[in-house]
Amino acid sequence: MPNLSPELKPTAGYLPCCIEGPDAWLPKAAYALRMLLLPLGLMPRWVDRATLRVLGQGVYYGPESASWPEGVVAIALHERTLTYFSRYQPYKPCQVRWRDTGAVRWPVLFGSPNGEADDPIASTFFWLSGWQERVIQARDVHGRVRYADSLQAALGIATRPPVDATRLALAIQLVQHGLPVRPRRWQGHRWAFCPTFDIDYVRKWRLGILRREFFSYLLQNQLQKSLRDRLGRATEVLQFWLGGHDPFREALNRIVDYVQPLGSATFFLKTGATSAYDVPYRLNRFLQNWLHRLEAAGMEVGLHPSYHAATHPTHLFQEQKRLSQWCRRSPVSVRTHYLRWIAPATPRLLAAAGFRIDSSLGWPDHEGFRYGTCMPFQLFDIEANAPLPIWEFPLAVMESTLFVRRKLTVFEALQATHTLLAACQHYGGVCVALWHNTLWDGLDFPGWEIHFTQTLEQAGVHRAYIVDLRSALAHWH
């Protein structure tokens, strides 16, 4: 049981809460209730049942949910819920019940056997802890979870965050019981938009790319183009290369030009290469000058660990140290390369390295809310049965997911992204979007810059707080 509070009455921002149940369940329940309440401007103050009865206001969660004072929101913990979380089994979509407020429809995973009462705490724990990924073993070749295997895919709710709908329903209950709810804001804004950029390369015209252009594309015709088209492309490549026009390098400055008038962004840099999936680069004069520009513009620099650093402490710590030397400050934020997330190794490793913010938890093959929320949340270590000291800013959308894996047109990609923006605005959350500095490369990534510039514009039009991850947490948490 969490430490009991000595206070005898509710205070501003604090809510008396009592949770009861088996010892193994209490840390899970305490975590989930805290994550539900924090965005509502409330912090649990843990009390026992006798104190809660005396106070007459707060939240009770446990098996004895009847006969509480009118000011107490009582949520029943059912034996069936405990049974589910003791067996490490996939959740069956047929067990879902649905709630509908007219504007929002969301799934309820746990509650009373007759379906009359919901258990928002158990449902929230299921989503935020990554429980479904703990019990589903299927992975792609990079060790990543696949959208197709998720409960969201089965229910068709990838772009609807069930945790946030659950929280909204709880907020209504709290208000009905006379309890204050003051949703957190983002530096005075209702919602936030965090543009982020993974810098996998600092230049395009490398030996491997030139070999691809003139041997694979021109001579071998791997793209299945006419001779005229192949010669035209080869001529354009020669003009760019010999003229010193490198779209990846130029994009680094163009991105800053677009973001700076509206706010700030986070740039994830690589300082190591540990596999064939990594392209190494070093701190040269161009990159050094660009880093100075980022600092002057108030941008954040985070670490983009190499492929194997997601599970290898020596690689991670060396790369973290190198970035600290490049920027003369330790990075706060991190996003793994290829969005690799091997739990529990990866989150434990990131926490041990001292990172405060991660933004890796998005599907590589579909846009949406992988952990069921558009709010920042603290990561939870299921095996240790305890929270980790690192906050997740869930990744909602990545441009390569839309264009490469989903094969959407520019118009379709913008529509999909605007759906996510609308959801984040509705719930007062944060939309984290990811682009690469391949923008404005019309040869290989046509239209990607339109997605970036128009998404950024839409966030501004809808009055989002456009900000880097580090500042977002500071101004929300």
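The values are calculated or read from the model by the stated rules, or taken from the named source; none is laboratory data. Here the structure is a predicted model, which is why all the values come from computation and not from measurement. Cβ: placed from backbone, ideal geometry, glycine included. Neighbour counts: every protein chain shown.
Structure values in brief
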| item | result |
| --- | --- |
| Meets criteria (assigned to a helix (DSSP H, G or I) and polar (S, T, N, Q)) for Thr401 | yes |
| Subset of the stretch 87-111 [in contact (Cβ under 8 Å) with a residue 60 or more places away in the chain and of a type in the set (S, T, N, Q)] | Thr101 |
| Positions within the stretch 261-275 being assigned to a loop (DSSP other than H, G, I, E, B), of a type outside the set (Ser, Thr, Tyr) and surrounded by 21 or more Cβ atoms within 10 Å (Cβ to Cβ), in sequence order | Gly263, Ala265, Lys270, Gly272 |
| Matching option when the condition is more than 21 Å from Gln173 (Cβ to Cβ) and modelled with pLDDT of 95 or more, among Ala24, Ala76, Ala30 | Ala24 |
| Residue within the stretch 409-432 that is surrounded by fewer than 17 Cβ atoms within 10 Å (Cβ to Cβ) and within 22 Å of Gly130 (Cβ to Cβ) present | no |
| Subset tally (residues that are within 24 Å of Arg348 (Cα to Cα), in contact (Cβ under 8 Å) with a residue 12 or more places away in the chain and surrounded by fewer than 21 Cβ atoms within 10 Å (Cβ to Cβ)) for the stretch 276-327 | 10 |
| Conditions (1) loosely packed, with under 12 Cβ neighbours inside 10 Å; (2) touching a residue at least 60 places away in the same chain (Cβ under 8 Å); (3) closer than 19 Å to Glu383 by Cα; number of the one not met by Ala122 | (1) |
| Near pairs, Cβ below 6 angstrom, 6+ apart or cross-chain, from the stretch 164-181 (of a type in the set (D, E, K, R)) to any residue that is part of a helix (DSSP H, G or I) | Asp164/Tyr427; Arg167/Leu36 |
| Some residue of the stretch 377-393 being over 16 Å from the mean Cα position of the chain (by Cα), loosely packed, with under 15 Cβ neighbours inside 10 Å and in a helix (DSSP H, G or I) | no |
| Residue in the stretch 166-179 that is buried (at least 19 other Cβ atoms within 10 Å of the Cβ), touching a Ser or Thr at 6+ places or on another chain (Cβ under 7 Å) and not assigned by TED's automatic domain parsing to the domain that holds Asp441 present | yes |
| Strands (runs of 3 or more DSSP E) within the stretch 55-149 that include 1 or more residues among the small types (Gly, Ala, Ser) and either at negative phi or more than 20 Å from the chain's Cα centre (by Cα) (or both) | 57-62, 71-76 |
| The stretch 150-165, residues that are part of a helix (DSSP H, G or I) and in contact with a Gly (Cβ under 7 Å, 6 or more places away or on another chain) | Gln152, Pro162, Val163, Asp164 |
| Hey, Gly447 surrounded by fewer than 22 Cβ atoms within 10 Å (Cβ to Cβ), not charged (D, E, K, R) and not assigned by TED's automatic domain parsing to the domain that holds Ala103 or not | yes |
| Residue list for the stretch 448-477, filter: outside any helix (DSSP H, G or I) and among the hydrophobic types (A, V, I, L, M, F, W, C) | Ala464, Ile466, Val467 |
| Ala351 being of a type in the set (Gly, Ala, Ser), out of contact with any Phe, Trp or Tyr (no Cβ under 8 Å at 6 or more places or on another chain) and in a helix (DSSP H, G or I) | yes |
